[in-house]
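Take a look at the structure set out below.
The values are calculated or read from the model by the stated rules, or taken from the named source; none is laboratory data. A quick note: this is a predicted structure, and the numbers were derived from the prediction, not measured. A quick note on method: Cβ atoms are made from the backbone with ideal geometry, for glycine too, and the neighbour counts reach across all protein chains shown. Accessible surface areas use protein heavy atoms only, side chains included; no ligands, DNA or RNA. Shrake-Rupley method; radii C 1.70, N 1.55, O 1.52, S 1.80 Å.
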Amino acid sequence: LSGRAIYTSADGAANFESVYELPEIKNKLSYNFFHDLAKHPKSSRIAYVSTVDHYGENGGAQVLFTKDRGKTWQNLDSIISIEGDEIIRIDIAVSPLKPNEVVAYCVGKSNKRAIYVIEKAWSKNRIIKKYTANYGPGSFWMSDIEISRRNPNIIYHGRIRSNVIDLKKSLDGKFTYERQQGESAIHMDKRDYYIVGDSEKEKLYCAHDGGVAVFEPN
């Protein structure tokens, strides 16, 4: 991903070809670009990308998928929506323990939020589950999500003015915000999350505007 285009390489990154481009922005002050990338853990043919449309002036944020190694891309916009709001930001993640599911965290223009879990998004038999997460400040600028390598029902999420992680999934399927104990809030924008470790123990690294933070779940 680069700006408003998706590129692929067939020769080990010696050369790249643009295979998908977002429409031209309506004005120089608007923001519309590719934001997040997640691939299927077991299939090199399937991957997902998401976009940001910060001011809602370019048709809203999108989630797209490929099932042919990036040659063509299809849009999932028709199945992702927030009632009474326009989605302006989407973060995505895929768990190695549930490789056929993609999780999409969506933020609306008026700070409404929703989380979608889409199973087999590339097929006609896709299964869609929607959860609400309308608590606390929205992730208007930069945020990210990551899924635990130990438990696919645990989603790590950092928002603006948050700790390293403050999103948890409860047993009844609802999502609530709960900051980890003993940690102070870190610099606003969360740029990227990455998990290092295995099913026994893992560390969550968070790249943000102030540096890099590390969270070790119990």
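Just subtract the alpha-carbon distance of Ser78 and Glu17 from 0.36 nm times their residue separation and send over the number in nm, one decimal.
Values: separation 61, 0.36 × 61 = 21.96 nm, distance 2.77 nm.
Stretched out fully, the Ser78 to Glu17 stretch lengthens by 19.2 nm.
What's the carbon and sulfur percent of the range 36-148's accessible surface, probe 1.4 angstrom, rounded to a whole number?
Numbers: 2360 of 4790 Å².
Carbon and sulfur atoms account for 49 percent of the accessible area of the range 36-148.
Show me the ranking of peptides 120-127, 57-64, 10-17, 200-207 by mean Cβ neighbours inside 10 Å, starting with the highest.
Values: 120-127: 13.0, 57-64: 21.1, 10-17: 9.5, 200-207: 15.6.
Top of the packing list down: 57-64, 200-207, 120-127, 10-17.
Enumerate the whole-percent occupancy of each 5 Å bin, from 0 to the last occupied one, for all C-alpha pair distances of the range 78-123.
Percent of pairs per bin, in order: 5, 23, 28, 20, 14, 8, 2.
Output the pairs from Lys26/Lys98; Lys42/Lys203; Lys26/Lys112 with a Cα-Cα distance over 29 Å in this structure; if there are none, say none.
Details: Lys26/Lys98 38 Å; Lys42/Lys203 22 Å; Lys26/Lys112 24 Å.
Pairs exceeding the cut-off: Lys26/Lys98.
Treating the Cα atoms of the range 1-122 as identical point scatterers in vacuum, please give the log10 of the normalised Debye intensity I(q)/I(0) at q = 0.22 Å⁻¹, two decimals.
At q = 0.22 Å⁻¹ the computed log10 ratios are -1.28.
For the range 37-101, what is the per residue volume of the convex hull drawn over the alpha-carbon atoms, in cubic angstrom? Please list the in-between numbers first.
Details: hull volume 5.7 nm³, N = 65.
Expressed per residue, the convex hull around the Cα atoms of the range 37-101 is 87 Å³.
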